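Asks: Take this structure first; my questions come after.
FYI, it's all coordinate maths here, none of it is from the lab. In this text the structure is predicted, and so the values were computed from the model without any measurement. Here the Cβ is made from the backbone with ideal geometry for all residues, glycine too, and neighbour counts use every protein chain on show.
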Amino acid sequence: MTRIVLSIGIGLLLTVGTAWAGPLEDATTANTGGDNATALKTFQSLAAQGNAEAQNNLGELHAKGQGVPQDYSQARQWYEKAAAHGHALAQNNLAELYFAGLGVPQDYVRAYMWVSLAAVHMKGDEQKQAEENRNDVAGRMTPEQLAEAKRLTQQCLALKFKGC
């Protein structure tokens, strides 16, 4: 009898755990599994509601051309929306676009600003990589560009990522 009760209890827990997965997790799973159409539709719905993770994910779909034509300008727009919410990965993704000049004119000042903002909020290895990327960008800049990038970084932090 105890085994039956335990089996039923474990079964219910597993079922409830599955039901707790939300639309974002479902879309991420669909995207990972190659179902880009489902991921795109769900990410678009969530992004329209202001979900920063979904906005960043839409940016990645556009940057990689998964389920949509590759379009770095569209990727930038979605990354900017997520970055305005303080999404560190979106900030890092913006830095990559500005560094390489993908969908935007190459701009080391903006690349430095975005990767600096990302590094503030990242942890562990991600933070270390962001700091290394920031140092790489800084090595390509003039002292005037570096001073401007640092000023913009502080301004963006003070404005809580609005209008960066």
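Asks: Could you tell me the convex hull volume per residue, in Å³, taken over the Cα atoms of the chain?
Replies: Per residue, the Cα convex hull of the chain comes to 138 Å³.
Asks: For K162 and Q66, FRET efficiency with R0 = 41 Å and r from the beta-carbon atoms, rounded to 0.05?
Replies: That pair, Q66 with K162, gives E of 0.90.
Asks: Now for a different question. Which entries in K41/K162; K123/K162; K64/K150; K41/K123; K64/K160; K41/K160 show an alpha-carbon gap greater than 25 Å?
Replies: Long pairs (Cα-Cα over 25 Å): K41/K162; K64/K150; K41/K123; K64/K160; K41/K160.
Asks: Starting from 0.36 nm per residue, how many nanometres of slack lie between K41 and D125 once their C-alpha separation is accounted for?
Replies: 27.1 nm
Asks: Turning to a different aspect of this structure: Among 76-83, 139-146, 110-117, 41-48, what's the highest-first ranking by average C-beta atoms within 10 angstrom per residue?
Replies: 110-117, 76-83, 41-48, 139-146
Asks: With springs connecting C-alpha atoms under 10 Å apart, model the chain as a Gaussian network and identify which of G124, G103, G50 has the largest mean-square fluctuation.
Replies: G124
Asks: Which whole-number percentage describes the relative contact order of region 21-158, with Cα contacts under 8 Å and a sequence gap of 6 or more?
Replies: 14 percent
Asks: Determine by what factor the alpha-carbon radius of gyration of region 47-97 differs from 2.2 N^0.38 Å, reporting the quotient.
Replies: Expressed relative to 2.2 N^0.38 Å, the Cα Rg reads 0.97.
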